[in-house]
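Heads up, the thing below is written out as structure tokens.
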Amino acid sequence: FPIDITFKSTNPFGWPQIVLSVYGPDFFGHDVVRGYGAVHVPFVPGRHKRTIAMFVPESSSRLQQFTSWFTGRRPEFTDPKVVAQGEGREVTRVRSQGFVTVSFNVM
């Protein structure tokens with residue numbers, strides 16, 4: 001999807017990121033999260049290709065896993081900042097869930 005954005009900064013620290021949330025149907029037809037991922041937007045002009053490792057949060061117990069599967073309400077993040085920041089994620093149980101490739105054309 002084309003995105004047209006203009007940024008101006010004197011300090012590239014914390015440069016903007018694109019946060020991806022991928023959803024898809026499960027066995028019962030419920031929309032569930034298929035993966036989360038984030039990547040920093042490159043600031044050098046040119047064409048850039050980035051591969052983003054996707055991950056999904058997991059339930060902490062077998063009972064919670066069965067309950068979430070049965071009800072169709074799987075764990076997901078309510079705040080996209082959790083994906084963009086590393087703060088607090090070391091205690092979150094996640095599972096790798098593939099890759100997404102993004103192309104940037106920076107002018």
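Each value in this text was obtained by applying a stated rule to the coordinates, not by laboratory testing. As the structure is a computational prediction, the values presented were derived from the model and not from experiment. Note: ideal-geometry Cβ built from the backbone for every residue, glycine included; neighbour counts use all protein chains shown.
Please list 3J(HN,Hα) in residue order for the stretch 49-56, calculated via the Karplus relation 6.51 cos²θ - 1.76 cosθ + 1.60 where θ = phi - 60°; whole Hz, with x for glycine and proline. Listing the rounded values in order: 10, 10, 9, 9, 6, 9, 8, 10 Hz. Out of the stretch 17-107, which chymotrypsin sites (Phe, Trp or Tyr not before Pro) are coil in DSSP terms and have no more than 13 other C-beta atoms within 10 Å? Passing both the DSSP loop test and the Cβ count: 27, 28, 43.
Fully extended, how many nm does the chain gain between residue 68 and residue 99 (0.36 nm per residue separation, minus their Cα-Cα distance)?
Working: separation 31, 0.36 × 31 = 11.16 nm, distance 2.40 nm.
Gain on stretching residue 68 to residue 99: 8.8 nm.
Each label point was placed 7 Å from the Cα along the Cα-to-Cβ direction; for residue 28 and residue 40 their separation is 4.2 nm.
Placing dummy labels 7 Å off each Cα toward the beta-carbon, the span from residue 15 to residue 91 is 3.2 nm. Close amide-amide hydrogen proximity is noted between residue 32 and 24, 26, each under 5 Å apart and 5 or more residues distant or on a separate chain (H modeled in the peptide plane; Pro and chain starts excluded).
At q = 0.10, 0.19 Å⁻¹, what log₁₀ I(q)/I(0) does the stretch 17-106 have when each alpha carbon counts as one equal point scatterer in the Debye sum? Results for the stretch 17-106 at q = 0.10, 0.19 Å⁻¹ read -0.31, -0.93.
What percent does the relative contact order of the stretch 17-106 come to when contacts are Cα pairs within less than 8 Å and at least six residues apart? If you can, show how the numbers build up before the last one.
On the way: 148 pairs, mean separation 33.3, N = 90.
It rounds to 37 percent for the stretch 17-106.
Annotation note: trypsin sites (Lys or Arg not before Pro) in the stretch 25-107 located in DSSP loop regions with a Cβ neighbour count of at most 11 within 10 Å are 73, 93.
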